[in-house]
Each structure stands twice: as C-alpha cells, then as structure tokens.
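Trainee: If you scroll down you'll find the structure; I have some questions about it.
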Amino acid sequence: MNVVMLINSAICLAMGTALLAAWSRDRTQAFLRMIGLAFLAHVGLPLGWLVMNAGGEAARLAGLAILVATGLASVGLIALGVAYLADRPLPSRRLPLLVLGLVVTGVLLLPLGERPMLLSVATLQLGVALTAAWLLWPQGGAERLAALLLLLLTLNHFQYPLLGPEAAARQAVAGTLLRLALGLTLLHAAVRRSAQESQRARDRLGHLTEHSHQGVAVVRGEHLLYANPALLRMYGLNSLTEVHTLWRDATMPEGEREGARERHRQLISGEMAQASWSGLRYRFDGTPIRLRFTAWRIDWDGQPAEQVVVTDETAQHDATAALLHQATHDELTGAPNRSALQARLRELCAARAGFALLLLDVDRFALFNEAHGPSVGDAVLRALAGSLAGALQGRAEVMRLGEDEFALLAPAEAPDRAAQHVAQAVRELLAQPLPLPGHEFYLDASIGVVLHPVHGRDPEALLRAANAAMHEAKHTPGTSLQYAEQRFEHGSGLSLLAEQALRAGLRNEEFSLVYQPKVDGVSGALLGFEALARWDRPGIGRVGPHEFIPAAERTGLIVPLGRLILAQACSQTATWHAEFGRGVPVAVNVSPLELLDPAFPDDVARLLRRHGVPPGLLSLEITESAAVAHIGALRGRLAALRALGIEVALDDFGIGFSSLNMLRSLPLHAVKIDRSLIEPMPAPDATAIVQAICAIAQTLKLEVVAEGIESQAQAEAVLAAGCTVMQGNLHARPLAPEEAGRWLARSLGAPLRVLRNP
C-alpha cells in the first residue's frame with residue numbers, strides 16, 4: 001500500500017509540475033495553473049495516510065485533518081480550473097467566499113469520523129465533477145474526455161469510504177492511472193488550444209494584411225517572397241507570379257538601386273533596426289507613383305528577410321503639387337506669379353548669380369477694360385503672356401505680378417547683354433499687333449531694368465529699384481526702357497520710412513522753427529522774419545523742409561504740420577511782443593491744401609486771438625504754382641485774410657507760372673523773387689529780369705523781396721534793380737529763437753547795420 005501511495009504521489013507531483021510549466025509558457029491558459037496546483041495538493045494524501053496509521057488517537061485525528069485539507073483544496077482548485085477551462089472564470093470577488101466555504105466545511109467534517117468524512121469529501125468532489133461534465137461536455141474533444149476522467153476519478157474516491165480498508169489499494173492504483181490520464185488529456189487540450197489561438201492570430205494577421213490598404217511585402221535579396229493584394233494593385237499586378245525576379249530594378253529609378261541593395265543588406269545583417277524612405281517608383285506599365293516605405297528584419301521560413309510596408313502617397317503628392325502650383329502661378333495666364341518671382345530672386349541672390357530683371361507695365365491698360373470690357377482685357381493679358389513666353393523662350397522667365405505688370409527674369413553671366421537682348425525682343429514683339437479673335441491691338445509698355453549685383457544684392461532692393469525705373473520710364477511716350485539708378489534702390493524705401501516717421505514726429509512734436517531776417521537793403525534795418533520749419537528727427541538729427549515737406553504733402557500731413565508751424569510762430573511772436581512791447585512781422589509758409597479749406601481764415605483768426613498777436617505781426621506766404629493752380633478758390637480766402645489785417649506774399653515768383661493778371665487779381669501785398677533768378681546776378685540778363693519784376697510790382701503797388709542773397713555783389717545788383725528788401729545768408733542764416741530775439745532787441749533800440757552770418 002505504501003509503495004502504491006508513493007507512486008501516486010510521484011505521478012501527481014510530475015503531472016502538476018508539467019501542467020504548471022505549460023502554464024508558464026502560455027499564461028492565457030489559467031486552467032493549467034489551477035489543476036496543476038490541484039495535482040500538487042494530492043501529494044498530501046500519502047502524508048495523511050501515514051500520519052493516520054502511525055498509531056494513537058492524536059495521530060489519527062492529525063492524519064484525518066491532512067486528508068480533509070488535501071481533499072478540500074483539491075476540490076477548490078479543480079473547481080477554479082474547470083471554470084477557466086469552460087471559459088467561465090470565477091469572479092475575483094467570489095474567491096474569498098469559496099475559500100471561507102472550504103474552511104467551514106473542513107471544520108464541520110472533522111468530528112464525523114474517518115469514513116463519513118472521506119465520504120463527504122468524495123461527495124463534494126462528485127458535485128464538482130458533475131458540474132465540470134455539464135460545462136465541458138458541449139465543447140467536445142479533449143475537454144469532454146477530461147470531464148469524463150474527472151468524473152471517474154471522483155467515483156473512485158467512494159471505494160474506501162463505502163467498501164472499507166480492503167478497497168484502499170485498489171482505489172490508489174485506479175486513482176494513479178486516472179490522474180495520469182487526466183493530466184495528459186489536459187496537456188493535450190492546452191496544446192490544442194495554443195495551436196488554435198496561434199492559428200487565429202495568424203488568420204487575423206493575414207486578414208489584416210490581405211485587406212490592408214497599405215502594401216506589405218517580404219523580400220530576400222532580389223526576390224519578392226510575399227506581396228499582399230494592396231501592393232500588387234499599387235504596381236498594377238494581378239498575382240505574385242507576374243513579378244520578375246529583379247523586381248526592384250523593374251520598378252525603381254536606376255539612381256536608387258545601389259542604395260536600396262545596401263539598405264537591404266544592413267537590415268538583414270542587423271546593422272540597421274528599421275529604415276524609412278520615400279520616392280518615385282513605376283508601375284509595371286510605366287506609370288509613375290509616389291510611395292513611402294518602412295522596412296525591418298523578420299524571420300521567414302527560418303531565414304532572415306526584409307518586411308516592407310508601403311503607402312501610396314501619389315494622390316497626396318499630386319494634391320500638394322497642385323496647391324503649390326496654384327500658390328506660385330497666376331490663375332489668369334498660368335505664368336509664375338509674384339511669390340514665384342521672389343523665391344527665384346532669393347535663390348539667385350543666395351547663389352550670387354548674375355541676372356537681369358525687367359519689370360514691364362502695359363501703358364494705358366485701363367482703356368481696354370473701359371472700351372471693350374474686362375473679358376477682352378483678360379484676353380489681352382493672356383495673349384501677351386503667351387507671346388512673351390514664346391518670344392523669350394530660353395532667354396528669360398516670364399512672370400505675371402498682377403494687373404498689367406509682368407516680370408522678365410534672365411539669368412546670365414553678362415546681365416547687361418542679356419537685358420539688352422530681352423528688351424530688344426520685347427520691342428520687336430510689341431511693334432507687331434497682338435493677335436486676338438476678332439481684335440487686333442497694339443500695345444506700349446514701360447520697362448524698368450535692374451542688374452544683379454549692380455543695382456542691389458537682395459530681392460527687395462532689386463524690386464524697389466526696378467519698380468522706380470519702370471515708373472521713370474512712363475515719362476517717355478511709347479514703349480520705353482529705363483535702367484535703374486543707384487538712387488532708385490533706396491528712394492522708395494526711404495520715402496516710406498520718412499512718411500511713417502513723420503506721423504510719429506507730429507505726434508511727439510519733434511518740429512521747431514528757425515527765423516531768417518528780412519532786412520532793408522539800404523539801412524540794414526530789420527523788417528521782419530520768415531519762420532522756417534526744422535524736424536529734429538530721432539536718430540538722424542535736424543532735417544530741412546525740402547526732405548519732409550514732399551512727404552507731408554503726399555500723405556496729407558501737411559495740414560496738421562501747417563497748423564503746428566503756424567501755432568509755434570504765433571506763440572513766439574506773442575512772446576517777443578510781450579517782452580519788447582512791439583515787434584516785426586513774422587512770415588509763415590502756407591500749403592495749398594491749407595488754403596483750400598474754407599475754414600482756414602477763421603482758424604487763423606482764432607489762433608491770433610488765443611495768443612494775443614496783432615494781425616499786423618503775421619504774414620502768410622503762398623507759392624506761385626499753388627496760386628496758379630487754385631486761383632479761383634484762393635481769391636476769396638486771401639481776401640478774408642487781408643480783411644483780418646494779415647498780409648499775404650506770393651513766394652517763388654518768376655519760376656515759370658508768372659501772370660500779370662494773377663498779380664492784379666489776387667489781394668497780395670508783396671512778391672518774393674525766387675532764388676533761381678537771384679543766383680546768376682549781377683549778370684546783365686538776370687539783372688534785367690529782376691528790374692522788370694520790380695517795375696511791374698511798383699506799378700501794382702506791391703512790395704518786392706529778393707530771397708537767396710548770398711554775396712555782396714548780388715545785394716548791390718538787386719538794390720540797383722529797384723529791390724530794397726532782401727533775405728539770404730549774406731545778411732543772416734536762419735536763427736534760433738534766442739538769437740532772433742537778440743536781433744529784434746537791437747533793431748528796436750536803434751537803427752541796426754547789417755550783421756553778416758552771426
């Protein structure tokens with residue numbers, strides 16, 4: 001009996017270990033762990049029998065306790081294993097209840113005695129076996145056999161409790177054989193389940209691969225071992241048998257083949273874990289496609305191979321190319337647009353390449369739209385773009401910058417010669433009528449030319465210079481050409497900066513006045529001042545009016561600037577008047593834009609009242625050109641100013657718009673002879689002109705002022721011609737308010753001789 005029990009224990013130990021080992025290799029099959037532990041628990045049976053038969057009541061009770069614990073542990077573990085085997089695992093929250101139930105059952109069974117206790121444990125095991133049969137029988141195969149063996153093993157446990165000790169040996173032998181058979185059956189079930197799960201995984205992977213929109217290939221050397229349907233469709237194939245042995249060479253550009261072979265070698269050898277690349281490939285019918293690849297090493301039929309996942313990006317590439325073309329090409333003509341020109345200029349400038357850039361603007365293009373409608377205007381632009389491209393093919397790139405403006409870009413080692421050839425081709429083209437269905441038009445164009453690096457070294461400077469040259473060309477009738485000058489490169493940019501800074505200067509009150517005296521040419525007495533504006537521009541210094549007045553007039557800022565200058569002049573005049581009790585008139589230049597405002601006379605009157613300045617101490621000067629252009633509107637404004645007691649002088653007289661009728665009809669008190677007429681004096685012809693002006697002014701009872709007196713000879717010639725009021729650097733340069741105040745103080749104290757260049 002002892003030998004049989006030992007054999008039984010050895011088989012349970014071996015089988016339990018085998019089941020646990022199988023579970024450790026595939027932990028998804030939890031039933032192996034539970035039933036393996038149940039087999040190991042049976043090792044406690046021989047120990048229980050030995051202790052129980054050692055003699056004495058205490059030994060008997062201890063042996064019974066071991067047998068009860070072993071049997072109940074086996075019941076619980078088999079129950080858990082059967083639940084896992086039937087894919088109905090016991091929820092973890094119920095495990096404590098199962099353990100508690102087994103412990104309580106064991107405590108209740110111990111007082112019953114040996115045979116009743118063993119009979120009760122066998123009955124519990126029978127219940128588990130019947131439940132297992134009910135759960136596992138529908139699954140068939142090894143699961144059904146395992147349920148049957150478990151039921152037989154449980155029935156075998158009834159022999160000893162029912163038949164007595166003489167059946168113990170028979171029960172042990174039968175139990176050993178049944179446990180061995182049960183263990184082997186469960187191992188078979190585990191192997192079968194692992195195989196089924198592997199097959200399901202392979203089927204799932206195959207399903208995903210076969211139905212994937214990405215191509216999947218397995219390559220070894222130059223041989224394609226596997227290709228899924230998506231990859232075959234990408235390359236225009238129906239089956240793998242159609243692929244040539246050297247499939248890479250048949251689909252790959254020649255320049256990439258050697259690199260592909262080296263990449264494959266590195267992947268196979270393990271030098272590279274993974275590789276990604278993209279590029280142009282060809283279908284087997286020659287159609288180009290854009291593909292992205294990702295590859296790594298795998299084992300295929302026991303040998304290393306390269307698995308490649310392929311994504312077709314042809315549609316995305318074509319869409320991106322279409323968007324890029326749309327962003328860099330003109331919709332109307334199809335020619336490259338301004339963005340393309342700027343990119344091309346950046347490229348050429350970065351490479352320090354020589355090139356000529358010609359900006360072409362169609363003259364009077366608006367007439368086409370006005371006379372024939374926008375559709376004809378668009379047709380003209382399309383035809384011109386096509387004609388330019390045809391005439392300049394191979395010599396220059398034609399781009400449309402917008403509206404009626406085109407750019408012609410000619411890269412060349414000799415940019416000047418290239419510009420001449422392109423310009424000549426354009427002239428010859430425009431000398432012929434532009435053919436259109438139902439129309440025949442002749443075009444003229446203004447062309448500005450810049451050369452790199454002569455006229456600039458960056459795209460912005462070159463475009464500014466070319467644009468300025470093109471506008472300069474518009475001054476010449478017909479198709480005209482103008483090369484850029486150095487000043488064109490910076491002129492537009494500086495003008496814009498000046499305009500922006502001018503606005504800030506007005507806001508920050510960066511403008512001030514200097515005062516140039518007007519003196520009596522005979523006595524040298526101070527007769528008045530002309531207030532001249534200066535701009536103390538931050539970072540640059542003091543700027544004269546000739547540098548900012550054009551920008552102020554161009555932007556309309558001359559109106560607020562004029563008000564600021566007039567207010568400063570009135571404030572300074574009021575200060576001198578309060579200090580000395582009297583003063584001399586201060587002249588202020590007034591812009592035509594200010595005079596065109598009907599409220600200007602009232603604004604001047606309010607300004608005089610605010611500062612307490614007598615009207616006789618303020619005089620205004622207007623330019624002759626402004627008077628000619630706006631004589632009708634100015635007549636009423638000047639009359640209103642004269643009615644206030646404010647004198648008005650005509651500045652820059654004699655520069656080309658002089659009119660006796662204008663002098664007679666405007667309410668003026670003085671004319672100022674322009675410095676361009678004073679500069680050539682004492683030349684006889686210049687003196688004669690000044691003398692004639694003085695005679696006319698005397699007849700019209702107008703005071704005459706000669707400005708720009710730079711030398712004593714000029715002063716004497718002007719005085720001899722009949723002009724006694726003089727202004728210029730000979731007598732005094734423009735003075736700061738403090739120095740002008742000292743001039744005024746000396747003049748009011750006594751007759752003052754001329755102070756030259758103080």
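The values are calculated or read from the model by the stated rules, or taken from the named source; none is laboratory data. As the structure is a computational prediction, the values presented were derived from the model and not from experiment. When we count neighbours, we look across all protein chains shown, and the Cβ atoms used for this are built from the backbone with ideal geometry, even at glycine. Please note that ligands, DNA and RNA were not included when accessible areas were found on the heavy atoms of the full protein model with its side chains. Shrake-Rupley method; radii C 1.70, N 1.55, O 1.52, S 1.80 Å.
Trainee: From the set of residues in the range 546-570 that are of a type in the set (Gly, Ala, Ser) and on the phi < 0 side of the Ramachandran plot, which is surrounded by the fewest Cβ atoms within 10 Å (Cβ to Cβ)?
Mentor: Going through the qualifying residues, I end up with Ala567.
Trainee: May I ask you to list the residues in the range 274-309 that are of a type in the set (A, V, I, L, M) and without any contact (Cβ under 8 Å) to a residue 24 or more places away in the chain?
Mentor: Answer for the range 274-309, where residues must be of a type in the set (A, V, I, L, M) and without any contact (Cβ under 8 Å) to a residue 24 or more places away in the chain: just Ala275.
Listed here are the residues, each with its yes/no results for (1) closer than 19 Å to Thr185 by Cα; (2) buried (at least 17 other Cβ atoms within 10 Å of the Cβ); (3) modelled with pLDDT of 75 or more.
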site: Ala10; (1), (2), (3): yes, no, yes
site: Leu19; (1), (2), (3): yes, yes, yes
site: Met34; (1), (2), (3): yes, yes, yes
site: Tyr84; (1), (2), (3): yes, yes, yes
site: Arg88; (1), (2), (3): no, no, yes
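Trainee: If only one of Val426, Val398, Val380 is among the β-branched types (Val, Ile, Thr) and within 19 Å of Ser480 (Cβ to Cβ), which one is it?
Mentor: Val426
This table checks each residue for (1) modelled with pLDDT of 90 or more; (2) over 29 Å from Val514 (Cα atoms); (3) open to solvent by less than 50 Å² (accessible area, probe 1.4 Å).
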position	(1), (2), (3)
Pro614	yes, no, yes
Leu618	yes, no, yes
Ala627	no, no, yes
Arg635	no, yes, no
Ala643	yes, no, no
Pro667	no, no, yes
Lys672	yes, no, yes
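Trainee: I'd like the full set of residues that are open to solvent by less than 40 Å² (accessible area, probe 1.4 Å) and either under 60 Å from the mean Cα position of the chain (by Cα) or over 17 Å from Val121 (Cβ atoms) (or both), limited to the range 137-173.
Mentor: Correct list: Gly140, Ala142, Glu143, Ala146, Ala147, Leu149.
Trainee: Name the residues in the range 398-432 that are among the charged types (D, E, K, R), under 36 Å from the mean Cα position of the chain (by Cα) and surrounded by fewer than 20 Cβ atoms within 10 Å (Cβ to Cβ), would you?
Mentor: Residues satisfying the conditions are Glu403, Glu405, Glu413.
Trainee: Within the range 465-481, which residues are buried (at least 21 other Cβ atoms within 10 Å of the Cβ) and either in a helix (DSSP H, G or I) or without any contact (Cβ under 8 Å) to a residue 12 or more places away in the chain (or both)?
Mentor: Of everything in the range 465-481, those that are buried (at least 21 other Cβ atoms within 10 Å of the Cβ) and either in a helix (DSSP H, G or I) or without any contact (Cβ under 8 Å) to a residue 12 or more places away in the chain (or both) turn out to be Ala465, Ala466, Ala468, Ala469, Met470, Ala473.
Trainee: Here's a follow-up. Report, by residue number, each residue of the range 344-355 that is over 23 Å from Leu381 (Cβ atoms) and surrounded by 17 or more Cβ atoms within 10 Å (Cβ to Cβ).
Mentor: Once the filter is applied, which keeps residues that are over 23 Å from Leu381 (Cβ atoms) and surrounded by 17 or more Cβ atoms within 10 Å (Cβ to Cβ), the range 344-355 yields Leu348, Cys349, Gly354, Phe355.
Trainee: Are there any strands (runs of 3 or more DSSP E) wholly within the range 218-318 with 3 or more residues that are closer than 24 Å to His207 by Cβ and either in contact with a helix residue (DSSP H, G or I) (Cβ under 9 Å, 6 or more places away or on another chain) or at pLDDT 90 or above (or both), and if so which?
Mentor: 223-227, 288-300, 303-312
Matching residues to (1) open to solvent by 70 Å² or more (accessible area, probe 1.4 Å); (2) β-branched (Val, Ile, Thr); (3) assigned to a strand (DSSP E or B); (4) modelled with pLDDT under 95:
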residue: Ile689; (1), (2), (3), (4): yes, yes, no, yes
residue: Ala697; (1), (2), (3), (4): no, no, no, yes
residue: Glu710; (1), (2), (3), (4): yes, no, no, yes
residue: Met726; (1), (2), (3), (4): no, no, yes, no
residue: His731; (1), (2), (3), (4): no, no, no, yes
residue: Arg742; (1), (2), (3), (4): yes, no, no, yes
residue: Ala745; (1), (2), (3), (4): no, no, no, yes
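Trainee: On the phi > 0 side of the Ramachandran plot and either without any contact (Cβ under 8 Å) to a residue 60 or more places away in the chain or of a type in the set (Asp, Glu) (or both): is that true of Gly612 in this structure?
Mentor: Values: on the phi > 0 side of the Ramachandran plot: yes; either without any contact (Cβ under 8 Å) to a residue 60 or more places away in the chain or of a type in the set (Asp, Glu) (or both): yes.
So Gly612 fits the description; yes.
Trainee: Within the range 262-273, work out how many residues are over 19 Å from Arg292 (Cβ atoms), surrounded by 10 or more Cβ atoms within 10 Å (Cβ to Cβ) and touching a residue at least 24 places away in the same chain (Cβ under 8 Å).
Mentor: 1
Trainee: From the list Ala706, Ala715, pick out the single residue that is in a helix (DSSP H, G or I) and aliphatic (A, V, I, L, M).
Mentor: Matching residue, one of Ala706, Ala715: Ala715.
Trainee: So which residues in the range 512-545 are open to solvent by 50 Å² or more (accessible area, probe 1.4 Å) and free of Cβ contacts under 8 Å to residues at least 12 places away in the same chain?
Mentor: Gly539, Ile540, Arg542
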